[in-house]
Each structure stands twice: as structure tokens, then as C-alpha cells.
Amino acid sequence: MQTDVLITDVGPRDGLQNQSRILSPAQRIALIEQLIAAGVRSIEAGAMVSPKAVPAMAGSDEVIASIATRYPVQLQALVPNVKGYQLAVQAGAKAVLFVICASQSMNQKNVRLSVEDSLLQLQQILQLATQDQVEVLTCIAVAWHCPFEGKTPVATVSQLVTQLQRLGASQLVLADTIGAANPASVRHLLQVIVQQQDAALLGCHFHDTRAMGLANAAAAVDVGIRRFDAAIGGLGGCPFAPGATGNVATEDLVMMLEQMGLRTGIDLAALCQVGTFAGELTGQCTGGRADRWRQLQLAAQQPLY
Ligand code: COA
Ligand code: ZN
């Protein structure tokens, strides 16, 4: 069994994009530095999107430039189009996450493009990225459920995966953007997609809206997935997807995976402290049950794993 798991903390992007309190680039840099110190190896540091559409992501170029020049971590920026890709590369990003939705309505709301036009944007990005030696990950948003169109048919996601593969998109992330999946629907979709796409190149992104984030991650582990997004403190939500709440909390995911015998390389005690810091910065942290349990273990002088 493959025991190493790669967790990408998307807190500095997904976690902050919809917060009422807008953090400065310096505060976001401080948060990322603490995540790195806790052993997080992969971080979504910001989004190259219109600051009119998402004011909280303004200054993402500054955040990326600061971290990319100082730390050897996998740092990615979310990009919705070619312009975003160019801005990310100018800032020094060596990896981008291109987002495309599995439903037309959500894609329109999110990036104001049809799914076909997003595919054309991706095609150009992939060409540029080959020259620039930039890694491109592609996130399929609303892979299980769309807030406007309801349940996303498995066949729709499967066809989109085929189209993406034809363009040469090799790393894919399936996102439950509004947190409406359950372990059965996670297993069902993934069992189909892993027939098409090597599980090693497939990641999952779960939100905890219905308290099933961890259960969904466990179902994905059973199907062979070893790459997950999570957000420190369970922060998160999408301004364009009604009903989206926090991501699965990174500290809870680390706790679960480590206790299942998998290895994340992340120090849970240090990570819990980052969760506290994220709470102080934002004034709002919904997730992160691991810290309470960790403190009980500590008081009882019992080991974490
Ligand atoms: N980053 C920053 N600015 C961008 C941009 C990008 N990726 N893409 C376009 N723009 C700018 C254009 O240069 C233009 O600027 P101007 O008014 O100064 O000339 C302006 O935005 C409008 O350009 P247009 O191509 O018509 O974009 P739009 O108004 O249709 O908006 C997006 C498209 C994608 C930029 C916008 O919808 C967006 O930023 N969405 C955010 C998506 C998001 O973050 N979702 C949550 C995470 S999944
Ligand atoms: Zn998300």
C-alpha cells in the first residue's frame, strides 16, 4: 500500500477568499510561513483573479513572490484564464491550478466563460507552461454537485476528464465545491475516474458543509487517492457557490490519515498552533477538532499516534 500522502493546504486561497475580514499580503505570508514550519510541503498561496471579483485575493502576486524566492515548497496559484496564468508566472509561481467547472452554470458564475471557452484557455495555458516549465494542475469544480444544476452526473465528469486528458492535462483534482458529496458518491465517482486517470495523478478537495469531509477523504483513500486539499482551521468557501462552507480542516485530515497508518510529513502539534493563528487572523475558524483531542492526550501524557 502506498502510505505517503500529499496534502496541499489551500487555506491561504480557498480559506481566505470568502472571509469577511480581508488579510493583508503580509498576514497571508506569515500564515504560509507557519504552515511550512509545521511541515506542509504543498500550498495554494493565492489566486490570480480579478480583485473586483475576489477582493481578498488582491496582492497574491506579492505573496507568491515572497514565498517562492525563500522556500523550496510546492507553491501553486489558482488561475481562471490565460491572463491569470501570466500573472502567476510573473510572480514566480512554478505551479498553477486551473479551475474549470463540471457544470455550465457554475463555470459562468465563477469565471464568466462557457466550459468550452475554459477548455480553450487551458489549451493555451498548457502550451505556455511547457515552454515556461510550469506545472499545471486542473481542478474540476462541482464534480459531485452544482449549487445551480444539482447533482453532477458521473458521465459528465468522466467526459470532462477525457477532454482534459486530450489537451494534455495530466494532474487533476476533483472538488466537492459546496460539500454535498457523501462517502458512497465519492466512491462511485472515483471508481469510474481511476479507470481513466492514474490514481497517483488524481487529487480530491472536500468541503465539510455536511460534516462528511473526513468520511469522504477516507472513502477516497480506499479507492487509492493519496493527494488531498485541506484548509488550516477548516476555513473556506466559494463566493460564487451558494452554500459552500469550510474545507475539511488540515489538522483533522492529518490526524485521521496518520492514525490510519498513512504518512503526511506534517507535525500535528505544530499544525494545531497554526490553526489557532489562523483563527486569530480571521476571527473565525470553524473546523479543527484535532486540537482539542491533542490537548487531552497531552494532559494525559499519552502519545498522538
Ligand atoms: N486576474 C486579474 N485580472 C484579470 C484576470 C485575472 N485572471 N482576468 C481578467 N482580468 C481583468 C482584465 O484585464 C480586465 O481588466 P480591466 O477592466 O482593467 O481592463 C477585467 O479583469 C475584465 O476582464 P474580462 O476578461 O472581461 O473578465 P471578466 O470580467 O469576464 O471576469 C474573471 C473574469 C475570471 C477575471 C473573474 O470572473 C474572476 O476573477 N473570477 C474569480 C474566480 C474565482 O476566484 N473563483 C473562486 C475560486 S474557484
Ligand atoms: Zn474549495
(message) If I filter the range 29-48 for residues that are within 16 Å of ligand 1 (Cβ to nearest atom) and more than 21 Å from V173 (Cα to Cα), do I get at least one hit?
(response) no
(request) Mind listing whichever residues of the range 28-54 are of a type outside the set (A, V, I, L, M, F, W, C) and either more than 18 Å from the chain's Cα centre (by Cα) or open to solvent by 10 Å² or more (accessible area, probe 1.4 Å) (or both)? (result) E33, Q34, G39, R41, S50, P51, K52
(request) Only residues that are crowded, with 22+ Cβ neighbours inside 10 Å and more than 16 Å from ligand 1 (Cβ to nearest atom): list them for the range 234-259, please. (result) G234, V248, A249, T250, E251, D252, L253, V254, M255, L257
(request) Consider L202 carefully, then state whether it is at pLDDT 95 or above and either among the polar types (S, T, N, Q) or within 12 Å of W144 (Cβ to Cβ) (or both). (result) no
(request) For the range 16-27, indicate whether the set of residues that are under 30 Å from G261 (Cα atoms), out of contact with any helix residue (DSSP H, G or I) (no Cβ under 9 Å at 6 or more places or on another chain), away from ligand 1 (no atom under 15 Å from the Cβ) and open to solvent by 30 Å² or more (accessible area, probe 1.4 Å) is non-empty. (result) no
(message) Scan the range 216-238 and tell me whether some residue there is modelled with pLDDT under 95 and more than 22 Å from R41 (Cα to Cα).
(response) yes
(message) Cβ-Cβ distance below 8 Å, separation of 6 or more or different chains: which pairs start in the range 140-151 with a residue that is closer than 17 Å to H188 by Cα and end on one that is basic (K, R)?
(response) W144/K151; H145/K151
(message) From the list A102, A88, A129, A95, exactly one residue is within 16 Å of ligand 2 (Cβ to nearest atom) and in contact (Cβ under 8 Å) with a residue 40 or more places away in the chain. Which is it?
(response) A102
(message) Tell me yes or no: at least one residue of the range 158-181 is farther than 21 Å from L78 by Cα, in contact with a helix residue (DSSP H, G or I) (Cβ under 7 Å, 6 or more places away or on another chain) and not polar (S, T, N, Q).
(response) yes
(message) Going by what's in this entry, would I193 be described as part of a helix (DSSP H, G or I), more than 16 Å from ligand 1 (Cβ to nearest atom) and modelled with pLDDT of 95 or more?
(response) yes
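The values are calculated or read from the model by the stated rules, or taken from the named source; none is laboratory data. The structure presented is a predicted model; accordingly, all values stated were derived computationally and were not measured. Here Cβ is always computed from backbone atoms with ideal geometry, including for glycine, and neighbour counts include all displayed protein chains. Each accessible area value is taken on the protein alone, full model and side chains, heavy atoms only, with ligands, DNA and RNA left out. Shrake-Rupley method; radii C 1.70, N 1.55, O 1.52, S 1.80 Å.
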